[in-house]
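Notes to accompany the following structure.
Readers should treat all values here as calculations from the given coordinates under stated rules, not as data from a laboratory. This is a predicted model, so every value here is computed, not measured. Neighbour counts run over all protein chains shown; Cβ positions are idealised from the backbone, glycine included.
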Amino acid sequence: MSAGAAVILGAPESARREGPEGLTAYGERVFGYLPRSDQRRWADAYLRGLLATPGRKTVRRMARTLDLPDSAPQALQQFISASPWQWTPARVELARIAAELLPDAVWTAKPVMLRKRGSHSVGVREGIAPGTGRRVNCQVGIGLFLTGARHSIPVGWRLLLDEAWCEDPERRRRVRIPETVTPRPAWALVLEMVEQFAAAGVAESAPVVLGRDFSPGVRQVVSQLARQRRDFVLEVPPGQPLTPVSPRGDVPSPATAPRGDAAALVAAHCRRTTSALPGRAQLFSAPVRLLPPGPPAPAAHQPHRLVAEVAAAPKRPSRFWITSLRDAPPTTVRGLAHRSVLTDVVVRDVQTELGLLDFEGRSFPGWHHHMTLASAAYLYRRLLGTSAP
């Protein structure tokens with residue numbers, strides 16, 4: 001473990017190296033709030049199992065890797081799926097460590113498809129497998145990440161649930177979905193997590209950077225973040241309705257506002273200018289306002305900025321972002337937007353190396369317990385400097 005990581009953890013000298021002592025200090029910081037000693041012991045074992053077990057991280061394989069007694073698989077399964085411990089304090093602590101490690105971090109988010117067999121695991125729905133187009137049974141987790149210039153760290157999770165789960169009392173009871181959980185769009189779950197961490201004093205001013213996965217809710221996201229005075233960079237589709245704003249910041253009334261979209265505004269600009277560097281992507285920037293479908297909320301009157309990366313090759317798509325960073329150089333906005341690539345890499349790493357896909361239970365609390373421990377395992381690897389960049 002690096003000296004910087006040891007300082008973040010507040011670990012003693014004996015824990016400043018990679019090994020069991022360092023992991024013990026880390027586990028005590030993240031899961032030391034658990035009220036019972038057996039819970040803390042099994043949290044430590046599960047964390048070690050995720051880090052040490054090759055291949056699939058089933059409770060049997062983890063117990064065998066750690067050379068635990070024959071009763072250990074059942075105890076690990078009980079700890080994850082049935083033990084009533086709260087996961088929020090652990091996630092807040094993970095976010096605190098990540099914020100200390102990445103002081104320039106922004107919030108990024110990613111929907112993650114978790115393929116499942118059968119239809120009894122909480123939140124299972126039919127989805128389309130990326131790349132193949134096949135219909136599969138899956139859960140959809142919404143991950144929240146603190147992402148710096150070089151690293152992205154998962155700190156929060158929500159499970160996307162639809163009416164089929166939330167409006168069926170028997171299904172809710174069987175998988176222990178709390179009464180407070182209702183069907184919510186993905187973007188709302190992201191903002192809910194950001195607010196939860198801000199209320200805990202973590203990354204209170206970090207901008208929110210969201211990719212195209214969340215563009216269906218862009219108007220609601222902009223409105224809510226503007227009310228909270230939180231900066232953002234949101235990727236939007238080419239057909240996103242927009243209206244230009246004058247350089248002085250004058251905003252036309254909704255009745256007289258010229259209507260267009262992101263691609264049309266950029267195309268009109270490109271017809272009037274030529275690239276100074278042929279073969280290189282161009283950056284376009286202009287003040288705009290989102291066009292709401294109905295009467296705009298006060299926050300919708302605020303001018304924002306459209307930043308576009310216009311691809312040089314015809315077959316490569318251009319990309320468009322709406323941002324509150326009206327005075328930031330377009331290169332800065334693009335740099336923040338491209339941090340979502342780091343998040344994509346981390347999701348693949350946690351899926352393949354740390355068992356994100358390997359939860360064997362069916363319950364709502366069990367899913368959250370497993371996702372929390374997988375995130376903790378990834379952050380520990382990052383502190384050791386062994387995670388993928």
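Test of understanding: ordering Phe145, Phe197 by Cβ neighbours within 10 Å, fewest first, what list do you get?
Sorted ascending by nearby Cβ count, the order is Phe197, Phe145.
Distance in nm between label sites at Asp168 and Glu126, each 7 Å beyond Cα in the beta-carbon direction?
1.4 nm
Stretched out fully, how many nm does the piece from Ala149 to Asp104 gain, at 0.36 nm a residue minus the Cα gap?
Contour length minus Cα-Cα distance gives 15.4 nm.
Please list, in chain and number order, the residues 5+ apart from Arg184 or on another chain whose amide H is under 5 Å from its amide H, with Hs placed from the backbone.
For Arg184, whose amide H was placed from the backbone, the distant partners under 5 Å are Leu161.
Can you sort Met113, Met371, Met193 from fewest to most other Cβ atoms within 10 Å of each residue's own Cβ?
With the fewest neighbours first, Met113, Met371, Met193 line up as Met113, Met193, Met371.
Arrange Ser318, Ser324, Ser375, Ser205 by Cβ neighbour counts within 10 Å, fewest through most, would you?
Ser205, Ser318, Ser324, Ser375
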